[in-house]
Amino acid sequence: MLVDDVVALMDSIAGRRTLLGLTGAPAAGKSTLARQLVAGVDGLLGPGTAAYVPMDGFHLANAQLDRLGLRDRKGAPETFDADGYVHLLGRLREAGERPVYAPDFDRRLDEPVAAGLVVPPSARLVVTEGNYLADDGPGWERVRGLLDALWYVDAPRQLRERRLLHRHVRGGRTREQALEFIRRSERANAERVERTRDRCSRVLPAGRV
């Protein structure tokens, strides 16, 4: 089981927290797998042993995207605060005596939420996930060196786009608007992420735990 592999990874890290990254194209199943891994580790080692911190909390606010003229490219690398994410990963590597608060992302609001998540001092593992953890663009190129392992979650395009359509319609877009956004933005983002697959230490089929 993947949970056993995660525990083995934790056991190989001495003196600080373990950071496991999950990457993959949009809607590949990264967040679902991350939460399952955290629950699995907590089930084996006790509540509070693992924490989940997604990259999505570092989406730029819609007001900033409007200011920059990037609203129609939301989800592209330049629509995130990569430097803020890198800084947080650096803090998370060192287990301290105080909780670390991290931003979350609310899909209903389509906005980041400051301090929506907390990593308690007891956490020996942080699972983080996002599209660009293996990217080599400005800011993103520093992420890989802060992770102890980076796994690629793979899923067929048809499945991913079906999930994206459901996600965007549930978020308030019409079906036509959602399909247009997938065509115009999500596919380009997915293609960029797919090119980083070989930089990851492991490739996982979607749905595996």
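The values are calculated or read from the model by the stated rules, or taken from the named source; none is laboratory data. Source: prediction; values computed, not measured. Here the Cβ is made from the backbone with ideal geometry for all residues, glycine too, and neighbour counts use every protein chain on show.
If you scan segment 29-55, which residues turn out to be part of a loop (DSSP other than H, G, I, E, B) and under 11 Å from the mean Cα position of the chain (by Cα)? Answer for segment 29-55, where residues must be part of a loop (DSSP other than H, G, I, E, B) and under 11 Å from the mean Cα position of the chain (by Cα): just GLY29. Just name the residue that is farthest from ALA50 (Cα to Cα) out of those in segment 86-104 that are among the basic types (Lys, Arg) and either part of a loop (DSSP other than H, G, I, E, B) or touching a residue at least 40 places away in the same chain (Cβ under 8 Å) (or both). Per the criteria, the residue is ARG98.
If I filter segment 13-33 down to residues being without any contact (Cβ under 8 Å) to a residue 24 or more places away in the chain and not hydrophobic (A, V, I, L, M, F, W, C), which single residue comes out as nearest to PHE105 (Cα to Cα)? So, considering only residues that are without any contact (Cβ under 8 Å) to a residue 24 or more places away in the chain and not hydrophobic (A, V, I, L, M, F, W, C), the one nearest to PHE105 (Cα to Cα) is THR32. None of ASP72, ASP83, ASP66 is modelled with pLDDT under 95, assigned to a helix (DSSP H, G or I) and out of contact with any strand residue (DSSP E or B) (no Cβ under 8 Å at 6 or more places or on another chain) except ASP72.
Restricting the first member to segment 178-200 and to residues that are more than 11 Å from TYR132 (Cα to Cα) and without any contact (Cβ under 8 Å) to a residue 40 or more places away in the chain, and the second to residues that are surrounded by 14 or more Cβ atoms within 10 Å (Cβ to Cβ) and acidic (Asp, Glu), the beta-carbon pairs closer than 9 Å and six or more apart or on different chains are LEU179/GLU161; ILE182/GLU161; ARG187/GLU161.
Among residues of segment 113-129 that are in contact (Cβ under 8 Å) with a residue 12 or more places away in the chain, those with a Cβ under 6 angstrom from a residue that is of a type in the set (Asp, Glu) and assigned to a strand (DSSP E or B), sequence gap 6+ or separate chain, pair up as VAL113/ASP104; VAL113/ASP106; GLY116/ASP104; LEU117/ASP104. Screening VAL126 against (1) outside any strand (DSSP E or B); (2) crowded, with 19+ Cβ neighbours inside 10 Å leaves a single unmet condition, (1).
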